[in-house]
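Report on the following structure.
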Amino acid sequence: MKMVYFFDEGDGKNKKLLGGKGAGLCEMTRIKLPVPPGFTITTDVCKSYYQNGKTIPKSLWPEVKKNITKLERKTGKKWNSDTNPLLVSVRSGAAISMPGMMDTILNLGLNEDTVTALTKKTDNPRFAWDSYRRFVQLFGKVVFGVDDKKFDHVLEEAKKKQGVHADSDLNEQSLREIVSQYKQICQSHTGKPFPMHPDEQLQLAVRAVFNSWMGERALVYRDKNHITKDIADGTAINIVTMAFGNMGNDSATGVVFTRNPGDGTNKIFGEYLVNAQGEDVVAGVRTPKPVDEMQKEMPKSYQLLVSTCKKLEKHYKEPQDIEFTIEQGKFYLLQTRSAKMNAAGMIKTSVDMVKEKLVTKERALLRLQPDQLEQLLHKTIDYEQAKQYKKVAKGIAASPGAASGVAVFDVKRAVSMGENGAKVILVREETKPEDVPAFFTSVGILTSRGGKTSHAAVVARGMGKPCIVGCSEMKINSEAKQATVGSAVIHEGDAITIDGSQGDVYSGQVPTIEPQMTNDFKTILDWAQKEKKLGIRANADTPDGAQLARKYGAHGIGLCRTERMFNATDRLGLFVDLIMAKSLEERKQRLEKLQELQKSDFIQILKVMEGYKVTIRLLDPPLHEFLPNPEELINKMHRLEKQGSQQEIEETRIILARAKELAEINPMMGHRGVRVGITYPEIYEMQIRAVFEAAAELAKQKVNAYPQIMIPQVSNITELNHIKSIYNKVKAEAEAKHHMKIRINFGTMLEVVRGCLTSHELAETAEFFSFGTNDLTQAVFSFSREDAEGKFLPEYIEKEILERNPFQTLDVNGVGSLVKLAVANGRRIKPGLEIGVCGEHGGDPNSIKFFHGAGASYVSASPHRIPIAIVAAAQAKLAEKSTKTKKKK
Ligand code: PEP
Ligand code: MG
């Protein structure tokens, strides 16, 4: 097994083996970009390290040494030399980028001899000792696990002693003292002297980087981002000749995006620090300058940077996120990777790159992550109303969108409060990768330090969470759980609002407004609509929902849950009366009133969706869901017995008796769906009549309405035929009454296992099918859809028993097999049969890909997921096209 690849040997495409960073460095070397020489230890070595109880393969070290010799030849420097020492960085890098989640060590190779040599060679003792103190600090933290605070304390004390504010003002003497104290800290931590020989340093560093693959933050990050073993298995390690951004005022280091990741503007965007090393920018310890200023300060390097960015984009056909270092005027690229952008940035760059003829429309669609588009449907501050609120501070707008919540100054508390449903704004001086769990549970992030490329900014943008950084006027004291701005104090738990688009912090809960769709977004949706094959419909049961879905591009309603209409405040009483009715006569009176209300609901929705099909599903939940639960009623009885009237007591007693009568041990598999339609046929009859009456009225108004009636929970053709006969009777009556033919398709849901297995029988009667994959998943797994996600499913996923939550992403092997079988059997009877999907999976990109392949006619999703579904459907079609082309070749 070849374990090490020099940068001129590696294949730039093999990210699995070399990691994203390693492959990028190899590729850049190949296209002759200025990359410092180096080599990569493969991810296979990391895998073998873990497979063999954390042992490094014996043959690795000789291979590494061979490559060090090659580095010596390339650079003219020598490992552990007392005249011209070779120093390296040791950088982690998995197949998929996990920014800041694993460890990196810089300036490795320094010791008392090499630091002296570096001093002589550069004639710059400050630089040499500054590099040395950085090395000991990073090595101590990463390899030995020393708490950063201990080093920070020494640094702060040294600055005080010398009377300076900036790290870069520390003189040689101070730095020497710092190094000695840092080494002492390490020694008391480990009980051994700080390692001197570069070989020993490198061996320890390699082990530490491999260990960081299984470190807590890396594990949490992979878990939250669904990075499974087939996507990235182990980290590679890149050993790269140091380029020094801290060699004086003609040296610098920076992080730049080739286009603005916040809005996609085609202009380089980023920050740099003069006389500094990479980790200063990323950690946010010094606030860097915007890269625009480099144009004046270092014009030659700036030009080189711009032209390199163009070259990279042309090569990768994707905006890049790069790290660079300028060492005494000489420009080096240390990393390139596809830029992580928010949804607005992705959309604009997709449209722009097509205009610039850099990519095709197909590629522009395929590069989007459909789930991310939800960000564009996010709220912003209502700026008019915001005038009445106090702006307490201003920072750097780092990730757009607005969020209101309570200020929380501690990561653990932010996690526990967020998990308990509180809207948390995490407020910190700066954030570090180990703080990431709190990002997931917070609605927004606010820091007092750092720039747009600091850790908080990068992570928040990736998650689409509003974020403000560098809010330096805010003094944060996390111990005292408060922040002060001038005389104002924000205590933990106080309501604040952050505007991540402008950088403003408000006290109180500022009202927000719904987002507008940009022209670029419309262009993308238009391209996707033209490309996709699957139809996209909405799950909507109100005229507003239908309106929104139509605005977002839904062509019809795939599921209108009629029970939601009974839940409205003006209806619930009526429906409860219906359930409580003592005689059929009484029930019919109530039904008449309800029929009128349902008819008007249907008319409104059908009008909004004019020209498109609207699938109306008859009542599904069990009747007792509309009554208060018996426990509540018993409590009420106790209260009333003490202070209520006789009449109230009697009424409650009757409801309680009915609730008890209807109660079921397992309601999800109980008296619901078509079973209600069979035992209370007057309810389904009323609903069917309401649809026919609505259709007749709309026909008279010349509105093109296409209602369809759908029956839930069907397991058996006899059930379906039973309801069909009610439908036939109502149809005949309505047609006679209105003197017209009324065409309304009659179909069934497929959400019961037996229904799927006998779909060829159901297809004889049904004019369409729609998969209810929520109930179907429940049935196939025997997992309660109500309880599983809150009980054992998270642990199943954590223990990798299941790769994904099957209620979110369709289980292709199990539920998917049943879907395929039901589709095939149904279409055998009726070849053109319309088959939709109306479970939650209809809005999930991975599931959409499956449904495309399974031959579904459409998917139906909630209004906010319509744009996601449109793009995912287009991607499914494009992926299929490219597989077919590959096969032909
Ligand atoms: C389903 O079961 O997938 C479905 C759409 O119906 P409901 O969620 O209303 O049970
Ligand atoms: Mg269902």
- Item | Residue ranges of helices (runs of 4 or more DSSP H) in region 630-718 with at least 3 members among the small types (Gly, Ala, Ser) and touching a residue at least 60 places away in the same chain (Cβ under 8 Å) | 681-700
- Restricting to strands (runs of 3 or more DSSP E) lying wholly in region 435-542: which have 1 or more residues that are within 16 Å of ligand 1 (Cβ to nearest atom) and of a type outside the set (S, T, N, Q)? 535-539
- Query: Do you know which of the residues in region 564-609 that are within 17 Å of Arg689 (Cβ to Cβ) and within 16 Å of ligand 1 (Cβ to nearest atom) is surrounded by the fewest Cβ atoms within 10 Å (Cβ to Cβ)?
  - Reply: Phe566
- Query: So Met102 clears everything in (1) modelled with pLDDT under 95; (2) more than 30 Å from Gly12 (Cβ to Cβ); (3) of a type in the set (A, V, I, L, M) except one condition, right? Which one?
  - Reply: (2)
- Query: Residues in region 551-564: is at least one of a type in the set (S, T, N, Q), part of a loop (DSSP other than H, G, I, E, B) and modelled with pLDDT of 85 or more?
  - Reply: yes
- With the checklist (1) at pLDDT below 95; (2) under 25 Å from Lys849 (Cβ atoms); (3) surrounded by fewer than 20 Cβ atoms within 10 Å (Cβ to Cβ) in hand, flag the one item Glu384 doesn't pass. (2)
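Applying the selection to region 303-323, what residues are outside any loop (DSSP other than H, G, I, E, B) and more than 15 Å from Lys32 (Cα to Cα)?
Listed by number, the residues that qualify are Gln303, Val306, Gln320, Asp321, Ile322, Glu323.
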- Item | Number of positions in region 744-774 that are of a type in the set (D, E, K, R) and either out of contact with any helix residue (DSSP H, G or I) (no Cβ under 8 Å at 6 or more places or on another chain) or at pLDDT below 95 (or both) | 2
- Report, by residue number, each residue of region 267-277 that is farther than 11 Å from Gly345 by Cβ and under 27 Å from the mean Cα position of the chain (by Cα). Lys267, Ile268, Gly270, Glu271
- Item | Condition check for Asp577: away from ligand 2 (no atom under 16 Å from the Cβ), in a helix (DSSP H, G or I) and touching a Lys or Arg at 6+ places or on another chain (Cβ under 8 Å) | yes
- Message: Can you tell me how many residues within region 738-757 are of a type outside the set (Asp, Glu), closer than 18 Å to Gly673 by Cα and assigned to a loop (DSSP other than H, G, I, E, B)?
- Response: 1
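Grab the helices (runs of 4 or more DSSP H) fully contained in region 766-860, keeping just those with 1 or more residues being more than 14 Å from ligand 2 (Cβ to nearest atom) and among the β-branched types (Val, Ile, Thr).
Per the criteria, 793-798, 815-829, 845-854.
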- Message: Which condition from (1) out of contact with any strand residue (DSSP E or B) (no Cβ under 6 Å at 6 or more places or on another chain); (2) touching a residue at least 12 places away in the same chain (Cβ under 8 Å); (3) polar (S, T, N, Q) is the one that Thr615 breaks?
- Response: (1)
- Query: away from ligand 2 (no atom under 16 Å from the Cβ), at pLDDT below 90, among the charged types (D, E, K, R) and part of a helix (DSSP H, G or I): does that describe Glu592?
  - Reply: no
- Would you mind finding the one in Glu719, Glu789, Glu795 that is out of contact with any helix residue (DSSP H, G or I) (no Cβ under 9 Å at 6 or more places or on another chain), closer than 24 Å to Gly839 by Cβ and more than 16 Å from ligand 1 (Cβ to nearest atom)? Glu795
- Listed residues Ala861, Ala869; which is within 25 Å of Gln778 (Cβ to Cβ) and at pLDDT below 95? Ala861
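I want to confirm something. Restricting to region 720-765 and keeping residues that are of a type outside the set (A, V, I, L, M) and touching a Leu at 6+ places or on another chain (Cβ under 8 Å), which single residue is farthest from ligand 2 (Cβ to nearest atom)? Working first, answer last.
First, the residues of region 720-765 that are of a type outside the set (A, V, I, L, M): 721-722, 724-725, 727-729, 731, 733, 735, 737-739, 741, 743, 745-748, 751, 754-756, 758-761, 764-765.
Going one step further and asking which of them are touching a Leu at 6+ places or on another chain (Cβ under 8 Å), we end up with 748, 751, 755-756, 759, 765.
On the way: Thr748: 12, Glu751: 5, Gly755: 11, Cys756: 13, Ser759: 16, Thr765: 19 Å.
Within region 720-765, the match that is farthest from ligand 2 (Cβ to nearest atom) is Thr765.
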- Query: For Val35, which of the numbered conditions (1) surrounded by fewer than 20 Cβ atoms within 10 Å (Cβ to Cβ); (2) farther than 23 Å from Ser212 by Cβ fails to hold?
  - Reply: (1)
- Task: Within region 204-219, track down each residue that is in a helix (DSSP H, G or I), in contact (Cβ under 8 Å) with a residue 40 or more places away in the chain and surrounded by fewer than 17 Cβ atoms within 10 Å (Cβ to Cβ).
- Result: Arg207, Glu216
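Residue-by-condition table, conditions (1) farther than 25 Å from Glu834 by Cα; (2) in contact with a Ser or Thr (Cβ under 8 Å, 6 or more places away or on another chain); (3) within 16 Å of ligand 2 (Cβ to nearest atom); (4) modelled with pLDDT of 95 or more:
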site	(1), (2), (3), (4)
Ala568	yes, no, no, no
Lys582	yes, no, no, no
Arg587	yes, no, no, no
Ile603	no, no, no, yes
Gly611	no, no, no, yes
Thr615	no, yes, yes, yes
- Residues within region 813-846 that are farther than 17 Å from Leu559 by Cα and touching a strand residue (DSSP E or B) at 6+ places or on another chain (Cβ under 8 Å), tallied: 6
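The values are calculated or read from the model by the stated rules, or taken from the named source; none is laboratory data. Keep in mind that what you see is a predicted model, and the values were worked out from it rather than measured. Here the Cβ is made from the backbone with ideal geometry for all residues, glycine too, and neighbour counts use every protein chain on show.
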